[in-house]
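What follows draws every value from the coordinates through simple rules; no lab data is involved. Quantities reported herein were computed from a predicted structural model and do not represent experimental measurements. Reconstructed Cβ throughout: ideal geometry from the backbone, glycine too, with neighbour counts over all protein chains shown.
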Amino acid sequence: MSKEKFYTQSSDEVLSSLSTTKKGLTTSDAQARLEKYGKNELDAGEKKSLLAKFLEQFKDLMIIILIIAAILSVVTSGGKDISDAIIIMAVVIINAVFGVYQEGKAEAAIDALKSMSTPSARVRRDGHVEEISSDLLVPGDIISLEAGDVVPADMRLIEVNSLKIEEAALTGESVPVEKDLAVTVAEDAGIGDRVNMAYQNSNVTYGRGLGVIVATGMSTEVGKIASMLQNAEETDTPLKQNLNNLSKILTYAILAIAAVTFIIGVFVQGHAPLEELMTSVALAVAAIPEGLPAIVTIVLALGTQVLSKKNAIVRKLPAVETLGSTEIIASDKTGTLTMNQMTVEKVFTNGALQDATDDISFDDMTLRVMNFANDTKISQDGKLIGDPTETALVQYGLDHNFELREALKAEPRVAELPFDSDRKLMSTIHKITDNEYLVAVKGAPDQLLKRISKKVVGDDVVAMTEADREEILALNKSLAKQALRVLMMAYKYDDKVPELESETLENDLIFAGLIGMIDPERKEAAQAVHVAKEAGIRPIMITGDHQDTAEAIAKRLGIIDEGDTEDHVFTGAELNELSDEEFQKVVTRYSVYARVSPEHKVRIVRAWQNEGKVVAMTGDGVNDAPALKTADIGIGMGITGTEVSKGASDMVLADDNFATIIVAVEEGRKVFSNIQKTIQYLLSANTAEVLTIFLATLFGWDVLLPVHLLWINLVTDTFPAIALGVEPTEPGIMTHKPRGRKASFFSGGVLSSIIYQGLLQAALVLGVYGAALIWPVHSGHAMHADALTMAFATLGLIQLFHAFNVKSVYQSIFTVGPFSSKTFNWSILVSFILLGVTIIVPGFNKIFHVSHLDGYQWAIVLIGSVAMIVIVEIVKAIQRAMGLDKK
């Protein structure tokens, strides 16, 4: 299909290049073009089978390590003990199922795009109009449009009659575009400025038109977006990157420990190579925190439940954590930061400028004209139907108790001169009495002011002076600088229905007033922007709207400081002039990007990502979908958002409230903090287990059996780890700077804590075991069984007590509240009971190869276990005194 820029050509040139006429194509010609160009529909793209999606989940390094661990655990037991393998594979499969469940965003987005297509269109074929399915349309077809239609394909307009098309889903501009064939469109014009074009899936809100199709299917602007969605690279979330890095570190550490154990066993202690290989493999299996992926999944799933109650619906589990690391929130303006509803904000009437909330007289002529020269319809249920600009004027009247329906009964419309793009005026004539008629005129200030000759002063109508005109134009300019859309109202009276000719009807008018309108910012958005900045997050605005409008809204929201005189707005046209490398050098200077296309949005998001930033992108239109998918986290709007934008998103705001994003960021930060606590707890415990066995091997001690490690990993690791994952939010979490992409699970003192706490646990367990050997209470034959039992009990209890330490890296457990979480308290109690059962309840000691302990032995176990809390509290106090908690 042609790549020509049809918006730069005349109507005749377009028809000629497409080999068609205003009469349309013949049926045979249309059929030939259908075979050449294909149907006017979007490609679904290559869909993966359910099995392929399932197998893809096993590419993760941590999952591969776990599968190897499962195999090795069976090999080392000679096939007799498969319990470890069953647990590990259960974890792996559960994770894979979760992954498949979260797949398919792009497919959903493309399906949503396809469903938006209009089912039929009015086309000229063989010289007459017929209605056909829109998927059968081809380039060169002539299509008629009228209010209420959905544009079926990309078209170059060749006739317009007061035609207005709402293109917000493509451009982000809230006001319908007034189409005009007389305007010369520049080659580098964005979609929103191509006023002689109509684009697929946009909505005709007013007037009529005729156009020739220039692109169908994947060649349309919507098709290009679909293609971008299909080809967009998936961005690894910070969580996935962190888990991958953790997997690599664990792999190297485990291999190193296993190799050192094997070398010492064979070459120092003289053990048989095969026997020592099995020992080394068993040690490696013990070192793997097999429960970690499952616990991370559970923590994220619980986070999604919390967010759903706060109107944030998460479609992809890792998105919960990604929110917590967000450094840039790139937000679409229309419908996200603003209401997507034109609203009267300023009224100039009776010589004074007032706010829309101020009282206004029922007889005020500005109020009457804006309601009379208006085609808005009011449904039975009170809903306003019509052009957004006109409905805003009627809504203003209703807000001030001006009942339009009642007013029209008293002063009915008897004639009208409709709006057209040449005059930029609309006039209606109303019968006041049998001998008096009101002519109400509204329109563009620069056009209407030329036709005004009078104004009202007190009760008198006087001639308008040149000074009056300059004052009105200055006010118009001032309102426009505030990004307000300004309309002027005028009127006159006549003793009969005037001729419906513009030159006579719309002349010698009396000035009534000016109206300033805007799509206003959401009330809660400014506070949300303030909180985001306080949390170290930079909000930026990316919109298809005009530069002045974008800048004004950005200042009102606080995205740009009110007194800032620097240029913080970058346009799509300026971006077109720069290469990716050039743009990368200046991207951080700008907080607002205006008049941008879908391709620009993706470039902007990627440029910020190249700065090492974690980017969240919000949006509600079709044009936002590629950027939503490219961003680290795409946030769609649940109410105003298209199904396309929702399908491309990781999270959807059920209330379309920008402030909900900040709530979600806080939850994301809490989730990361809690996963970090879980990792600290699990890895310090596993480090202790590995060091205990490793050092015991060097000493020639047989400290722990495989069944002991399995039970401790299952009971004392799992429940407290899950409980740590749902700890309450720590105070002041939203006053910290975002940790960003470079931060890891080991940052913030976690790595050093894992190392010294793992060493400490191993030392205490070996200390208790050694004490039991040196001061045995029972007869010699029971000595080893008692020492083994005491080491087992000590390791289990130390880990339970250690869970209290992990509530905060640096803060005392008494500061954070040791028993503040009921979930945590119950997890410790249940784990304590399950651990105690194996030693105290008769029958279980045979299964677990342990003996009953007396009071003296329990005392040693408890002293060794409680010492864990005491020593860690001392270390934390030293760290706080050194100021490590402030870094």
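For the chain, what does the relative contact order come out to in percent, with C-alpha contacts under 8 Å and a separation of six or more?
Numbers: 1659 pairs, mean separation 111.1, N = 887.
Reported as a whole number, the value is 13 percent.
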* Asked: Of Lys23/Lys224; Lys5/Lys450; Lys248/Lys646; Lys377/Lys523; Lys5/Lys346, which ones are farther than 31 Å apart at the Cα?
  -> Lys5/Lys450; Lys248/Lys646; Lys5/Lys346
* Report the residues of segment 121-159 in range of a label on Thr21: point 7 Å along Cα→C-beta, backbone N strictly under 17 Å from it. => 124-129, 140-143
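Which order do the peptides 248-254, 187-193, 338-344 take when ranked by the mean count of other beta-carbon atoms within 10 Å per residue, highest first?
On the way: 248-254: 15.7, 187-193: 17.7, 338-344: 20.6.
Result, highest mean Cβ count within 10 Å first: 338-344, 187-193, 248-254.
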* To do: Kindly rank 214-225, 854-865, 450-461 from highest to lowest mean number of other beta carbons found within 10 Å of each residue.
  => 214-225, 854-865, 450-461
* Enumerate by residue number the trypsin sites (Lys or Arg not before Pro) in segment 663-757 meeting two conditions: DSSP loop (anything except H, G, I, E, B), and at most 16 other Cβ atoms within 10 Å of the site's Cβ. => Lys742
* To do: Restricting to the chain, compute how many DSSP beta bridges are antiparallel as a %, nearest 5.
  => 75 percent
* With a Förster radius of 22 Å, plug the Cβ-Cβ distance of Glu146 and Asp420 into 1/(1 + (r/R0)^6) and report the FRET value to the nearest 0.05. => 0.90
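So how much slack lies between Thr823 and His784, counting 0.36 nm per residue of separation and subtracting their Cα-Cα distance, in nm? Could you put the intermediate results ahead of the total?
Values: separation 39, 0.36 × 39 = 14.04 nm, distance 3.71 nm.
Extra length available between Thr823 and His784 comes to 10.3 nm.
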* Structure fact -> Of the residues Val809, Leu835, Thr220, the Cα lying farthest along the dipole of the chain towards its positive end, which is defined by charges on the beta carbon of Lys, Arg, Asp and Glu, belongs to Leu835
* Structure fact -> Gyration tensor on Cα atoms of segment 343-518, a ≥ b ≥ c root eigenvalues, a/c under 1.5 rounded, else prolate if a/b beats b/c, else oblate, says rounded
* Once you put a point 7 Å from the Cα of Leu34 and another 7 Å from the Cα of Glu406, both along the Cβ direction, what distance in nm separates them? -> 5.7 nm
* Kindly count the pairs of lysines across segment 664-886 whose alpha carbons are less than 22 Å apart, treating pairs on different chains or eight or more residues apart as eligible. => 19
* With r defined as the distance between the Cβ atoms of Leu500 and Lys309 and R0 fixed at 60 Å, what FRET efficiency is calculated, to the nearest 0.05? -> 0.50
* **Reachable aspartates and glutamates from Lys39, criterion Cα separation under 17 angstrom, eight or more residues apart if same chain** => Asp29, Asp111, Glu131, Asp135, Asp141, Asp154, Glu221
* Label 7 Å along Cα→Cβ of Thr815; segment 725-739 residues with amide nitrogen under 15 Å? -> 730-733
* Asked: Under the rule of -39500 (n - 2.57) per DSSP H run of 4 or more residues, summed and divided by the residues of the chain, what mean residue ellipticity at 222 nm is obtained, to the nearest 500 deg cm²/dmol?
  -> -15000 deg cm²/dmol
* Loop only per DSSP, at most 11 neighbouring Cβ atoms within 10 Å: give me the GluC sites (Glu not before Pro) in segment 576-671, ordered by residue number. => Glu577
* Structure fact -> Full extension between Ile86 and Val461 adds, at 0.36 nm per residue less the Cα distance, a length in nm of 125.7 nm
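Highest mean first, how do 32-42, 372-382, 682-692 rank when packing is the count of other Cβ atoms within 10 Å averaged over residues? It would help to have the intermediate numbers written out before the result.
On the way: 32-42: 17.0, 372-382: 15.2, 682-692: 24.5.
Output ranking for 32-42, 372-382, 682-692: 682-692, 32-42, 372-382.
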* Between 0 and 90°, nearest 10: helix 27-37 axis offset from the chain longest Cα axis -> 30 degrees
* Correct choice for Rg/Rh (Cα atoms, Kirkwood Rh) that was computed from the model, options [x] 1.29; [y] 1.12; [z] 1.16 -> [y]
* To do: Go ahead and collect, in residue order, the members of segment 722-749 whose backbone nitrogen is under 18 Å from a label point 7 Å along the Cα-Cβ direction of Lys248.
  => 741-747
* To do: May I ask you to compute the full-extension gain from Thr735 to Phe267, defined as 0.36 nm times their residue separation minus their alpha-carbon distance, rounded to one decimal in nm?
  => 163.0 nm
